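Visitor: Handing you this structure, nothing more for now.
No lab work stands behind these numbers, since they all come straight from the coordinates. Quantities reported herein were computed from a predicted structural model and do not represent experimental measurements. When we count neighbours, we look across all protein chains shown, and the Cβ atoms used for this are built from the backbone with ideal geometry, even at glycine.
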Amino acid sequence: MLNHAQVVKIRRLFLLYDSDRDGRLTRGDYELAVARFQAHIGAADTSPRVLRMRELLVGRCWAANAVMDGDGDGMISVDEFVTAHERLLAAVDAEQQLRDRAAVLFEVIDEAGRGEMSLADYLAAFSAWGAPEESVRRSFRVIDSDGSGRVTRDEFEEHSIAYFRTDDLNGPGAAFFPHPSP
Ligand SMILES: [Ca+2]
Ligand SMILES: [Ca+2]
């Protein structure tokens, strides 16, 4: 069973990933995120960074999420999204699954492959999902707990897991994903 805070956070994450905010997750939301990322960095369609982001977001993130489409209608409803997370969190290998998902997201944000990320990386990635800048900055401050301006893979994974596991809506884990609205 998910606790109330977990359901609130999972629904909030759904809103964030639903790039066009039409209440359902489709491949188009991931395509739109790539287009927004491209606009943010001002690159051409054929730029290696854009191609790489397309591979990560559409080729991997959407492909990984497509299994959440319980009724197979080509879109993920918020209920399907919550149910899929409930199942994931109840699995014996939940910890590993959460780490794997965080690792892919880390690759998305650290698209330059430096092995750590900066606020600029975080702003670029989450602008793709239409998150307000202030909300992205707030999340970054929380993850960068020592204020060094850099976030390592380990710090990132720990906070990501706390987001899904903890029942505190105001604790550090809750701010891991930027809030989709101001
Ligand atoms: Ca959508
Ligand atoms: Ca569906």
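Visitor: For the range 106-155 and the range 21-72, compute the distance between their C-alpha centroids and round to whole Å.
Guide: Between the Cα centres of the range 106-155 and the range 21-72 lies a distance of 18 Å.
Visitor: Please label the shape of the range 117-182 as rounded, prolate or oblate, based on the square roots a ≥ b ≥ c of the eigenvalues of the alpha-carbon gyration tensor (a/c under 1.5 means rounded; beyond that, a/b larger than b/c means prolate, else oblate).
Guide: Oblate.
Visitor: Is the range 4-175 best put as rounded, prolate or oblate by its Cα gyration tensor, with a ≥ b ≥ c the root eigenvalues, rounded for a/c under 1.5, and otherwise prolate when a/b is larger than b/c, oblate when not?
Guide: In terms of gyration-tensor shape, oblate.
Visitor: Return the distance in nm (one decimal) between the two label points of a simple spin-label model at residue 35 and residue 94, each offset 7 Å from Cα along Cα→Cβ.
Guide: 3.7 nm
Visitor: Taking R0 as 35 Å, what FRET efficiency do you get between residue 168 and residue 55 from their Cβ-Cβ distance, rounded to the nearest 0.05?
Guide: 0.50
Visitor: Another question, then. Give the shape of the range 1-99 as rounded, prolate or oblate, defined through the alpha-carbon gyration tensor: a ≥ b ≥ c are the square roots of its eigenvalues, a/c under 1.5 means rounded, and otherwise the shape is prolate if a/b is larger than b/c and oblate if not.
Guide: Because a/c hits 1.5 or more and a/b exceeds b/c, the range 1-99 counts as prolate.
Visitor: Relative contact order, percent, of the chain when contacts are C-alpha pairs under 8 Å separated by at least 6 residues?
Guide: It comes to 27 percent, rounded to a whole number.
Visitor: Right, another one. Please give the calculated 222 nm ellipticity per residue for the chain, where each DSSP H segment of at least 4 residues contributes -39500 (n - 2.57) and the sum is spread over every residue; nearest 500 deg cm²/dmol?
Guide: -17000 deg cm²/dmol
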